[in-house]
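Step one of this worksheet: look at the structure below.
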Amino acid sequence: MKRFLIMGILCLFASLARAGMPDDVVPRPAEAVLLKGSLRLSGLPFKCDPSLPAEAQAAVSSFASHLGYVSGKSCPFSAPPGLAAAVDAGKAKGAYFLRDTALGAEAYSIEVGSGRMVVRASGLSGILYALETLRQLLPAAIYGQQVADRERWVLPACVIRDEPRFAWRGMHLDSSRHFWDVDEVKRYLDVMAMYKLNRFHWHLTDDQGWRIEIKAYPLLSQISCWREGTMVGRDFSSNDGIRYGGFYTQDEIREVVEYAAARGITVVPEIDLPGHMLAALAAYPELGCTGGPYAAWTRWGVSDQVLCVGKESTFEFLETVLSEVAELFPGEYIHIGGDECPKDEWKKCPDCQARIRELGLRDDERFSAEQYLQNYVTKRIQDFLATKGKKVIGWDEILEGELAPGATVMSWRGTAGAIEASRKGFDAILTPTSHCYFDYCQAEDPSTEPLGIGGYLPLEKVYSMDPLEGIDPAKAHHILGVQANLWTEYIATPEHLEYMLLPRMLALAEVQWCPAGQRDWTRFLRVLHEHEFPVLDRAGYHYRTK
Ligand code: ACM
Ligand code: ZN
């Protein structure tokens, strides 16, 4: 009997530890105070302020229903009028979700006491983040689909007040080099949402494949989305002989955008221009400087065949494509690439050279006339997208020459682009290869890892990133946030994709979310092993364990 009692007490401690303490939430909350006591959440009524947005109420209702299912004790949901006043006045047991307009758009608070829990937020994002925090405080079984009625569905009494450090908490996915179907993209969004990321940068077009249906240019999803084989391993002269392709229909794009929005994530599409366009040229060779023939690339790297920007038909193409893109993606930004655009073809092309003369562009001591020609393209597209109510983001090459006001710079070749952009008054997002390229190898010895592009980016290095290093404090407001990029040249399966993403994305999440000085590597590593790996197991993700 005594042995059973001791076992019982040990199990109790084990499950309390498993359920996690407020300070163990990832990303670590801005403020978390542990109090005495606890609250059994399973079986409680869930009541939502009807003045919260319908999407927020739906998220609470779905949380309550899932908790009721896994815990075996149903949590009835309602949205009764006058809830806020009743909560202030009463002591009734329950889980309450209230609208608090004094809180910022992404802020939330959770107070857990004996008998009841009160969550406050001003809108959808705050409610979603509060729900993610609650999931983290509960047993990992909350992430699964199995009934787990022997778990302790108990929260520690606590007060959490939380909001993110950066507004842009992005994760990128390259769907061009390898294609990820809608279900895999949704899994990617799910795990982003679990760790409170809020921008999905979707790289949809490149030399190796065009992945988005454009109604006005049907050949993009008949020809440009295919390549005639893929190089094998690192052998640039090889070809596996397997035709490779895929694209998202516009209905699928809408489905992904809606799915992301319900999880607090804005999708930022990237149409990379004027370079990285070989796949498009394969279908519309008249848009290139030489007229082709062209074919989507079967090898990795950067093609020097780019759009001919001396021809007006190229701008007609871009404006038509971007009009459809602007319709499909409701977010305020469209990413227009701008990286790695070789200028060799433009130098030889009579149309591009005529455009250079017409614009009076000249080489100077810093930039070539062709670099200024790329500025012209950026500005023209930027002006066009402004007519659709959209702002542009470009990779840091768009800073070369003269960038027009209003563009946002994504700094990937280190942080110099963000430092320069913010100094000049442009907004910037940090995605430096040094800390944010998740295609880089996770071990010092690459032979111990799956074949990859090279580089070395261990978890601890991601975690150590200081986003504002080198940024003039007076310009820090121009740094919108931090994002990691996952290019997929050497990543062909969902398992490998998730292995590259996880757990590095969790380290990224703390860089993006936690107040300066609040990160703690020792704590993170402990929480990762004790709590997050079981969470990822329950949620069914592949990840690197070391
Ligand atoms: C990039 O990695 N070419 C932005
Ligand atoms: Zn040309």
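The values are calculated or read from the model by the stated rules, or taken from the named source; none is laboratory data. In this text, all values refer to a predicted model and were calculated from it rather than measured experimentally. Cβ coordinates were reconstructed from backbone atoms using ideal geometry, including for glycine residues, and neighbour counts include every protein chain displayed. Accessible surface areas use protein heavy atoms only, side chains included; no ligands, DNA or RNA. Shrake-Rupley method; radii C 1.70, N 1.55, O 1.52, S 1.80 Å.
What does the charge count around residue 403 come to, taking other residues whose C-beta lies under 15 Å from its C-beta (Lys +1, Arg +1, Asp -1, Glu -1)? All intermediate terms of the calculation are to be shown ahead of the outcome.
Details: positive: 366, 379, 380, 391, 423, 424; negative: 339, 383, 396, 397, 400, 402, 420, 427.
Summing Lys and Arg as +1 and Asp and Glu as -1 gives -2.
Subtracting the Cα-Cα distance from 0.36 nm times the residue separation, let me have the gained length for residue 477 to residue 447 in nm, one decimal. Before the final figure, lay out the partial values.
On the way: separation 30, 0.36 × 30 = 10.80 nm, distance 4.19 nm.
6.6 nm is the gain from fully extending residue 477 to residue 447.
Given a 1.4 angstrom probe, what's the average accessible area per residue across the range 322-436, in square angstrom? List each step's numbers first, then the result.
Working: 4660 Å² over 115 residues.
Computed with neighbouring chains in place, this is 41 Å² per residue.
Could you please report the charge total around residue 251, scoring K, R as +1 and D, E as -1 over all other residues with beta-carbon less than 12 angstrom from its beta-carbon? Don't jump to the answer; show the numbers that get you there.
Working: positive: 215, 254; negative: 213, 252, 255, 258.
Counting the neighbours of residue 251, the net charge comes to -2.
Between residue 516 and residue 86, what length in nm is gained on full extension when 0.36 nm per residue of separation is reduced by their alpha carbon distance?
Values: separation 430, 0.36 × 430 = 154.80 nm, distance 3.77 nm.
That works out to 151.0 nm of additional length.
Between 0 and 90 degrees, rounded to the nearest ten: what's the tilt of helix 350-359 against the longest Cα principal axis of the chain?
On a 0 to 90 degree scale, this one is about 80.
Would you mind calculating the relative contact order of the range 40-172 from Cα pairs under 8 angstrom and at least 6 residues apart, reporting the percent as a whole number? Intermediate values should be presented prior to the final figure.
Working: 260 pairs, mean separation 36.9, N = 133.
After rounding, I find 28 percent.
Using each residue's phi in the range 223-233, evaluate 6.51 cos²θ - 1.76 cosθ + 1.60 at θ = phi - 60° and report the 3J(HN,Hα) Karplus result to the nearest Hz, with x for Gly and Pro.
Each residue's phi maps through the Karplus curve to give 10, 5, 7, 10, 10, 8, x, 9, 4, 9, x Hz.
Return the calculated 222 nm mean residue ellipticity for the chain, to the nearest 500 deg cm²/dmol, obtained by summing -39500 (n - 2.57) across DSSP H runs with n ≥ 4 and dividing by the residue count. If you can, show how the numbers build up before the last one.
Numbers: 18 runs with 188 residues, N = 546.
Calculated at 222 nm, the ellipticity per residue is -10500 deg cm²/dmol.
Treat each spin label as a single point 7 Å out from the Cα along the C-beta direction, and report the residue 234 to residue 404 distance in nm.
4.4
Expressed as a rounded percentage, what relative contact order does the chain have, with Cα pairs under 8 Å and six or more residues apart?
Values: 1157 pairs, mean separation 73.0, N = 546.
In percent, rounded to a whole number, it is 13.
Could you please tell me the mean projected area of the C-alpha convex hull for the chain, averaged over all directions and given in square nanometres to one decimal? Before the final figure, lay out the partial values.
Working: hull surface 111.4 nm².
Directional mean of the projected Cα hull area for the chain stands at 27.9 nm².
Could you compute the net charge surrounding residue 345? Neighbours are other residues with a C-beta less than 11 Å from the C-beta of residue 345; K and R count +1, D and E count -1.
Working: positive: 343, 347, 348; negative: 304, 344, 351, 370.
Surrounding charge for residue 345 is -1.
In straight Cα distance, which lysines are under 25 Å from residue 311, not counting same-chain residues fewer than 8 positions off?
215, 343, 347, 348, 379, 388, 390, 391
Just to confirm my numbers, what's the Cα centroid distance between the range 180-195 and the range 35-106 in Å?
26
Calculate, for residue 167 and residue 327, the FRET efficiency according to 1/(1 + (r/R0)^6) with r their C-beta to C-beta distance and R0 22 Å; round to the nearest 0.05.
Working: r = 25 Å, r/R0 = 1.12.
According to the calculation, E is roughly 0.35.
Whole angstrom only: what separates the Cα centroid of the range 311-388 from the Cα centroid of the range 437-456?
Centre-to-centre (Cα) distance: 35 Å.
Can you give the Rg to Rh ratio for the range 358-516, taking only C-alpha atoms and Rh from Kirkwood?
Numbers: Rg = 17.9 Å, Rh = 17.3 Å.
Rg/Rh: 1.03.
Residue by residue, what Karplus-based ³J(HN,Hα) values in Hz, rounded to whole numbers, does the range 132-143 have, using 6.51, -1.76 and 1.60 with θ = phi - 60° and x for Gly and Pro?
5, 5, 4, 4, 5, 7, 9, x, 4, 4, 4, 8
In the range 487-536, what percent of the accessible surface is made up of carbon and sulfur (1.4 Å probe, ligands and nucleic acids excluded)? Mind dumping the intermediate values first?
Details: 840 of 1420 Å².
Of the solvent-accessible surface of the range 487-536, carbon and sulfur hold 59 percent.
Where the centre of each part is set by its Cα atoms, how far does the range 482-513 sit from the range 132-166, in angstrom?
23
Which of the peptides 466-478, 288-300, 130-142 is most tightly packed, and how do the rest follow, judged by the mean count of other Cβ atoms within 10 Å per residue? It would help to have the intermediate numbers written out before the result.
Working: 466-478: 13.8, 288-300: 18.1, 130-142: 22.6.
Descending packing order for the listed peptides: 130-142, 288-300, 466-478.
Quickly work out the residue 286-to-residue 242 label distance, labels modelled 7 Å from Cα along the C-beta direction, and quote it in nm with one decimal.
3.7
I need the Kirkwood Rh of the range 30-94: take the reciprocal of the average 1/r across all distinct C-alpha pairs and report it in angstrom. Please list the in-between numbers first.
Numbers: mean 1/r = 0.0760 Å⁻¹.
With all distinct Cα pairs of the range 30-94 included, I get 13.2 Å.
How far, in nm, would the chain grow between residue 387 and residue 69 when pulled straight, counting 0.36 nm per residue and subtracting the alpha carbon separation? All intermediate terms of the calculation are to be shown ahead of the outcome.
Numbers: separation 318, 0.36 × 318 = 114.48 nm, distance 4.83 nm.
Contour length minus Cα-Cα distance gives 109.6 nm.
Please report, to two decimal places, log10 I(q)/I(0) for the range 59-189 at q = 0.13 Å⁻¹ as given by the Debye formula with identical point scatterers on the Cα atoms and no solvent.
-0.66
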